[in-house]
């Protein structure tokens with residue numbers, strides 16, 4: 001199965017970056033796109049995120065070999081219904097959502113009989129919109145593909161090759177396992193960041209604006225995460241609530257144990273935890289999942 005035409009539905013950070021990466025890498029793939037917001041379509045066309053921006057989702061996907069839904073996970077079903085009339089029988093339908101089981105269910109309900117292979121490029125920034133995309137967003141990052149049990153192996157291979165061509169490292173994973181892993185590595189950290197920044201905001205009157213004025217590195221890192229797209233993250237928590245609540249329960253237990261250690265003056269427990277987590281940070285860097293430069297040292301040019 002060969003992918004020579006890709007339709008991108010949703011022209012924000014991820015959708016725009018896919019289009020830019022296809023162009024920057026010189027792939028023999030024609031790209032089309034559509035976004036629900038007319039202003040976004042106009043800005044995407046001006047920036048050249050895809051070869052052609054269409055005025056309807058149906059027209060954008062006509063003749064596409066691969067359709068990638070780059071919309072909030074709560075909007076996947078609606079986006080799928082919009083593309084249905086124009087979808088070619090042979091087309092692969094995929095996505096970039098951060099939760100997979102709920103997305104697979106929504107797409108299957110909206111597009112019965114279609115070749116649906118969900119995916120999640122584990123890449124992004126706190127920015128959003130058509131101006132946020134850049135061609136190297138996926139370089140060296142993981143893309144997790146969660147094919148259903150009855151997926152066509154040739155379609156899975158074609159989708160894997162597409163993401164590899166964009167510079168990603170591809171991993172196949174069960175959707176439920178993906179959701180559990182991402183609840184730990186992404187969803188709970190975002191929830192914590194939103195909570196801490198929200199608490200600081202509530203304390204602004206008490207501290208006479210000193211929380212923001214004297215923000216140290218740790219708090220600044222949390223504010224970066226907490227600046228992420230609120231619609232996207234609202235939908236992530238609502239669609240992956242089972243895994244998030246399971247991991248949040250475990251985190252709450254660990255936090256309670258930490259409270260006990262601080263209250264009782266148990267320095268050994270604190271030191272052991274901080275030593276272990278410091279080692280994990282080194283492993284993250286060693287495996288190429290971060291470096292000391294902002295945004296992995298990537299250039300943000302088109």
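Summary table
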read-out	value
Stretchable slack from residue 164 to residue 269, in nm (0.36 nm times residue separation minus alpha-carbon distance)	33.5 nm
Of all DSSP beta bridges in the chain, antiparallel share, percent nearest 5	10 percent
Ratio Rg/Rh, restricted to the range 5-173 and using Cα atoms, in which Rh is the Kirkwood radius	0.92
Normalised contact order of the chain, rounded percent, pairs of Cα under 8 Å and 6 or more residues apart	17 percent
The range 22-97 versus the range 149-177: alpha-carbon centroid distance in Å	19 Å
Nearest-0.05 FRET efficiency for residue 28 and residue 241, computed from C-beta distance (R0 41 Å)	0.50
Reciprocal of mean inverse Cα separation for the chain (Kirkwood radius, Å)	20.6 Å
Against the rule of thumb 2.2 N^0.38 Å, how large the Cα Rg of the range 1-48 comes out	1.12
Folded to 0 to 90 degrees: helix 101-110 orientation relative to the chain principal axis, Cα	30 degrees
For the range 77-225, the spread of Cα positions along each principal axis, largest first, Å	61, 31, 30
DSSP-defined beta bridges in the range 5-173 - what % are antiparallel, rounded to 5	10 percent
Helix 267-286 axis, angle to the chain major axis (alpha carbon atoms, nearest 10°)	30 degrees
The chain, helix-only ellipticity at 222 nm - DSSP H runs n ≥ 4, -39,500 (n - 2.57), divided by all residues, nearest 500	-15500 deg cm²/dmol
Folded to 0 to 90 degrees: helix 38-47 orientation relative to the chain principal axis, Cα	80 degrees
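Each reported figure results from applying straightforward, stated rules to the coordinates on display, with no laboratory input. Model, not experiment: these values are computed from the prediction. Positions of Cβ are backbone-derived with ideal geometry, glycine not excepted, and every protein chain shown enters the neighbour counts.
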